[in-house]
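Peer 1: There's a structure below that I have some questions on.
Rule-based calculations on the coordinates, nothing more; no lab input. The shown structure was predicted, so the numbers you read here are calculated from the model rather than taken from an experiment. Quick reminder, even Gly has a Cβ in these numbers, built from the backbone with ideal geometry, and neighbours come from all protein chains shown.
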Amino acid sequence: MGLSFSAIVTIVVVLYLFSSIKILAEYERGVIFRLGRLLGHEKGPGVILVFAPIDRMVRISLRQEAMEVPPQDIITRDNVTLKVNAVIFLRVIDPRKAVVEVSNYVYQTSQFAQTTLRSVLGEQELDELLAHREKINLRLQSILDTHTAPWGVKVTNVEVKQVDMPESMLRAMAKQAEAEREKRSKIIHAEGEFSAAQRLVDAAALLAKEPVSVQLRYLQTLTEIGVEKNTTVVFPVPVDFFSGIQKLLGKPDEGSSKS
């Protein structure tokens, strides 16, 4: 009986030691409570010993986590109603604080993110929200990181994921964009007309210096018409020709009037 009892005790002790062996991955840390008191530092990674029921271990992952913030109803500073959601990237940098200082750091961060999202975006106008999203993301990240730092949690990034606007606002923005593009089109067309008119004035001033150049231009026009093999022949008559004929016809009338 003595040998069997000692063998049983040995087996129990061996099984207890085997059950006390815990293996933590590279990204895990074990926060140990011994008789309810927190030990000075976390354990892991690798093989550690947890002597239950004296010790109790809480596993904490050091990997970065992505948490989606549910869509929030927001009224911007210019009284536009929106539905906005976001995504938060966070990681634990101090496992002991993440266990002791807060009951559930993921839930707490989610609640802070929802209230912060409503308060920060409520201070912005719609155009600022759409045009300066990166600036808003940095401000959200800074505010959340300030709240989560005492828990040993680092908010690495915050991104406004989607902004849902009412249909009436979408139609108004589409009309505004269409009007803006039409305005640009008219301005570009007017600038083109002005440039063309300016070039024509310059060309007329250049041709006026050398009258022979006008005749050369007439001949070039005839050459261009002839290339198309048209049956119609266009012969340009200089305006100076008609003015000369008018002068010749006007001279007899002037002589008869003088007589």
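Peer 1: For the pair Ala25/Val80, report the inter-label distance in nm, with labels modelled 7 Å from Cα in the Cβ direction.
Peer 2: Label at Ala25, label at Val80, 4.3 nm between them.
Peer 1: Estimate the FRET efficiency between Gln162 and His189 by the formula 1/(1 + (r/R0)^6), using the beta-carbon distance for r and 41 Å for R0, to the nearest 0.05.
Peer 2: For R0 = 41 Å, the calculated efficiency reads 0.60.
Peer 1: Given a Förster radius of 51 Å and the C-beta distance between Val14 and Ala149 as r, what FRET efficiency does 1/(1 + (r/R0)^6) yield to the nearest 0.05?
Peer 2: 0.65
Peer 1: If each residue of separation counts as 0.36 nm, what is the full-extension length gain between Ala174 and Glu128 once their alpha-carbon separation is subtracted?
Peer 2: Taking Ala174 through Glu128 to full extension adds about 14.8 nm, to one decimal.
Peer 1: Also: In nm, what is the difference between 0.36 nm times the number of residues separating Arg118 and Ser142 and their Cα-Cα distance?
Peer 2: Full extension of this stretch gives 7.1 nm more.
Peer 1: Between Ser110 and Lys135, take the C-beta separation as r, use R0 = 22 Å, and let me know the FRET efficiency to the nearest 0.05.
Peer 2: In this case the efficiency is close to 0.45.
Peer 1: Where in the stretch 18-51 does the amide nitrogen come within less than 12 Å of the point 7 Å from the Cα of Arg91, taken along Cα to Cβ?
Peer 2: 27-28
Peer 1: Still on this structure: Sort 172-180, 151-159 by packing, meaning the average of other beta carbons within 10 Å per residue, with the highest value first.
Peer 2: 151-159, 172-180
Peer 1: Each residue of the stretch 135-145 in order: what ³J(HN,Hα) in whole Hz does its phi give by Karplus 6.51 cos²θ - 1.76 cosθ + 1.60, θ = phi - 60°, with x for Gly and Pro?
Peer 2: The phi angles translate into 5, 5, 4, 5, 5, 4, 4, 5, 5, 5, 5 Hz.
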